[in-house]
Amino acid sequence: MAHKTITTKKTTLKKGQKKLSELGKAHLKFKVCISGAADTTYAPKGAVEKAMEVGRQVAKQGAVLVTGATTGIPFWAAKGAKEAGGIVIGLSPAVSKIAHVKTYHLPVEYHDLIIYTGFDYSGRNLLLIRSSDAVITVFGRVGTLNEFTIAFEDKKPQGVLIGSGGESDELEHILKVAHRGMGKVVFDPDPKSLVEKVLARAREDEKDVLVDEAKLFARRANG
């Protein structure tokens, strides 16, 4: 009887894994946050075009782009994603659309949905990172550094576009002198390759979740 119980549990676990595998084919899209300076005054030549290409690649590779619903790098990445037929979600620091436009002077173009957090920039940054499965940094300043460290502490897969200027070209050095390891951060100068690497890391994280879900399914099935 004990042997039969073990066999049943194994069978149930296999059924759970199979069902989750089937669900995985229609799984929720990965959400990739674009993190970068809202002011591109000091950005090197080509940074805006690189941001747009990152947005395009996120869309082309089947993910949803998440932004801080702001100007600069995130705005141009959103434009690239929409031009490629992608979905773009923004998290605003403002409490409402009126405040978003009139108080913060932020855009609403190139977004399918904007969530008004009402938590100003620092609170918005936390929600922005926590709402995303992965983060890509393109030319950043202090606010971008804040988002990077949140994602690092949360052990999120991250990509840094080398050669886009600003903070992005300093992050590898910062991680080395911080002596905390490289975490789940990858560096690449090519937008397409960078998005591919970041999504690959996100999928690896997802595998662990699917295994846990399969075990949970098996326990529920066995009462």
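Side notes on the structure shown:
- Span from the region 30-54 Cα centroid across to the region 81-150 one, whole angstrom: 13
- Helical mean residue ellipticity (222 nm; -39500 (n - 2.57) per DSSP H run of 4+; nearest 500) of the chain: -16500 deg cm²/dmol
- Taking the inverse of the mean 1/r over every pair of distinct Cα atoms in region 32-177 gives a Kirkwood hydrodynamic radius of 14.7 Å.
- In terms of packing, defined here as the mean over residues of other Cβ atoms within 10 angstrom, the peptides 79-89, 177-187 line up highest first as 79-89, 177-187.
- Cα gyration tensor, region 102-223 - rounded (a/c under 1.5), prolate or oblate: oblate
- If you take all other residues with their beta carbon under 11 Å from the beta carbon of Ser132, and give Lys and Arg +1 and Asp and Glu -1, the sum is 0.
- In summary, the aspartates and glutamates within cross-link reach of Lys31, defined as a Cα separation below 17 angstrom excluding same-chain residues under 8 places away, comprise Glu53, Asp112, Asp133, Glu147, Asp154, Glu196, Glu204, Asp205, Glu206.
- Most mobile listed residue (Val135, Val58, Val48) in the chain, GNM with C-alpha springs under 10 Å: Val48
- For the chain, built as a Gaussian network whose Cα springs stay under 10 Å, the top-fluctuating residue of Phe139, Phe30, Phe75: Phe30
- Summarising the amide proton neighbourhood of Thr137: residues at separation of 5 or more, or on other chains, whose placed amide H is nearer than 5 Å comprise Ser35, Gly159, Val160, Leu161.
- A Gaussian network model of the chain, with springs between Cα atoms under 10 Å, assigns the largest mean-square fluctuation among Ala69, Ala51, Ala38 to Ala38.
- Degrees between helix 47-60 axis and first principal axis of the chain (Cα, 0 to 90, nearest 10): 30
- Largest-first principal axis extents of the Cα set of region 35-118 (Å): 31, 30, 16
None of the figures in this text is laboratory data; all of them are computed from the coordinates on show. These figures come from a predicted structure and were not determined experimentally. Here Cβ is always computed from backbone atoms with ideal geometry, including for glycine, and neighbour counts include all displayed protein chains.
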